[in-house]
């Protein structure tokens, strides 16, 4: 795993000291909130509805046991005993006191973590496949490239004041598990002869103007990657709008200029961007790769696993839902659900974090991942150890076997925490997960995604069922989209008609799901496939059946 | 768990060989009765049945002799729904108390055939992961298996022996019905009024997985509908040139 160099360490320590001083001046009144705001945002500190919120970067979603324990300590010592894992592979602490935040950042620094560039109009945390380094279908581990980009983008002098925030995701599998087409830049690693090359997608993003990213470049070599990123960002930095924050993302620029014109501008900027790099700039990448050496996986018998599969039905259904095969035979990747029925999606208590850290240390090469679907992944577990891991997870309420089902839903913090929210999302998530608990296996794979405002942090546009909470004359109103999907064939869902009150929403969903069960050709036909086959119309009709009659 | 695993290793070749010779003189029922005994010179054995068109005969014999015997059904995940219904009906009707279904484990399925299309791409590999590997797992606690194979089923099976050493699984293999003719099967069926597989009367004399089994025309081999249009004749559960016949 990547460890900070002495340079990284000094840099982060210095930033903590700086921030300590800024907080002291804010607390003494020397700085107004207006003056303090840009400073705190440089360090991931937001002011939300009820409290400050600290967003900590988990680069490419990879954590060590040691880092997870530090997060647990922070949750316990300076927050209310839990943290919230987000759709961008970060963790948020919802209740820190301002006076404590410098100590929190100092604690993070002891485990090579920070909150730099988790907010503001900069390049944010580079996200990737949560199975990176373990996935059967990847051409190579994308994380060294993600770290390389992180180092290039961190404190990049030219890109600290972009027109708007900028998100990069990178994926190396035949299946895209990082939603690269919903990012400002999405990178896909492909095999090109002996070499690794990159397909570059630009201008994707959800939010109030959802757009699927377009592939601008194919087969870009490793040497040419950073120059391409630099050129794309410099074109955006100059031409992107700064007069209206709702029109400031790169996707709007791409629409305004046209894809071809934008590409031409990038190509024009390429020579000077390329001139800024030398062959020596590849050296950090090679150093980084040394940090990502794949653990040696000792051969283990799978007998203990098979014996439990045949005799313990609960273990079997957990494996069916939550465990994926690993590139190394006789190993597996475990997805630990943070979606226990009725609980807040993505929340983990300090006790649960420590339990995960311990399990990873004992059975999983001390490695953990945060998935963009707000779960935790133990990427390298011997199949022989799965029964023991399952037992440990059961003891800490972490063995919910629901990955990919209705209750594995994504929800933004919504009105319970967020200053931007127009409706609650967490209580809707809790209600739906409890309501469909008994039926979710029958319903099969289904992605429900809930956003509490138009900014779409809950990714509702790419859910099989997307729920958008709005405020309608002081009353929460939930609008639906159907048939969205992420991945390489990403598609935005179709907007249905008028929204519903919370109570009508669940009734409408009942009708929708009953209709799906009635219309599907067989239990093997997923909801997504049914919608693809039939279109959204029969489902739209079901949603409004009763309301129309009334 | 088997009660006499100690005897499972075919170490005492002489005893086994003597037992084989003695067994071979017995008629089908007496032969099967010895095999189903808790203690055999071979170790504990399991019956493996496809619950196909002719399976009722062996299963009826087993149920009559020792209904508690272990009977294993390999669920490939691609059986005809009629087969699964028929399995449940036969188990209930015959009172097979030791019947057990076993299928591919979920991680192997995700690893080798996540999309469920392997049977189209590479049927041999599909059989290997969904049947052969699963049988290996099923037979782990046993010293051998008892099958319903018959010589008349195909040219390849014409030389089938009643007792074999099966070195795919490293266990003994018994084919009590090896020398039964189609007529004898039929008359046993009729005599005991055994329920028929719903597809047997619809042109399926040999029933495997749904995607790889088709109807058989008049005058064709019983197994002609299996992997039709392909060189493949066997799923690999039985195919093994190294099977050594110790008796015939």
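Descriptive notes on the structure:
- Residue count for the stretch B:90-111 under the criterion of being more than 23 Å from residue B:184 (Cα to Cα) and touching a residue at least 60 places away in the same chain (Cβ under 8 Å): the result is 0.
- Residues in the stretch A:84-121 that are in a loop (DSSP other than H, G, I, E, B) and more than 25 Å from residue A:414 (Cβ to Cβ): A:111, A:112, A:113, A:114, A:116.
- Filter result (crowded, with 17+ Cβ neighbours inside 10 Å and over 16 Å from residue B:28 (Cβ atoms)) within the stretch B:174-197: B:197
- Selection status of residue A:288, within 9 Å of another protein chain (Cβ to nearest Cβ), in contact with a helix residue (DSSP H, G or I) (Cβ under 6 Å, 6 or more places away or on another chain) and surrounded by 15 or more Cβ atoms within 10 Å (Cβ to Cβ): no
- Scanning the stretch A:292-337 for residues that are closer than 30 Å to residue A:4 by Cα and out of contact with any helix residue (DSSP H, G or I) (no Cβ under 8 Å at 6 or more places or on another chain) yields A:293, A:294, A:295, A:296, A:297, A:298, A:326, A:327, A:328, A:333.
- Taking helices (runs of 4 or more DSSP H) as the structural unit, those lying wholly within the stretch A:291-408 and holding at least 2 residues that are away from every other protein chain (no Cβ under 14 Å) and closer than 19 Å to residue A:67 by Cα correspond to A:350-363.
- Residue A:169, sole failed condition from (1) within 16 Å of residue A:371 (Cα to Cα); (2) not in a strand (DSSP E or B): (2)
- Hey, residue B:95 surrounded by fewer than 23 Cβ atoms within 10 Å (Cβ to Cβ) and over 30 Å from residue A:136 (Cβ atoms) or not: yes
- The one condition in (1) touching a helix residue (DSSP H, G or I) at 6+ places or on another chain (Cβ under 8 Å); (2) closer than 17 Å to residue A:86 by Cα; (3) surrounded by 22 or more Cβ atoms within 10 Å (Cβ to Cβ) that residue A:423 fails to fulfil: (2)
- Residues of the stretch A:175-194 classified as more than 13 Å from residue A:488 (Cβ to Cβ) and touching a helix residue (DSSP H, G or I) at 6+ places or on another chain (Cβ under 8 Å), total: 2
- Flag for residue A:439 being closer than 21 Å to residue A:344 by Cα, part of a helix (DSSP H, G or I) and outside the structural domain of residue A:375 (by TED's automatic domain parsing): yes
- Of the helices (runs of 4 or more DSSP H) contained entirely in the stretch A:202-281, those carrying at least 2 residues that are in contact with a strand residue (DSSP E or B) (Cβ under 6 Å, 6 or more places away or on another chain), surrounded by fewer than 19 Cβ atoms within 10 Å (Cβ to Cβ) and not assigned by TED's automatic domain parsing to the domain that holds residue A:454 fall at A:259-275.
- The test for being assigned to a helix (DSSP H, G or I), at pLDDT 95 or above and under 17 Å from residue B:179 (Cα atoms) does not hold for residue B:63.
- Filtering the stretch B:67-94 to residues that are within 20 Å of residue A:303 (Cβ to Cβ) and either within 11 Å of chain A (Cβ to nearest Cβ) or touching a helix residue (DSSP H, G or I) at 6+ places or on another chain (Cβ under 8 Å) (or both) leaves B:72, B:74.
The values are calculated or read from the model by the stated rules, or taken from the named source; none is laboratory data. Predicted model only: the values in this text are computed from it and were never measured. All Cβ positions, even for glycine, are placed from backbone atoms using ideal geometry, and neighbour counts span all protein chains on display.
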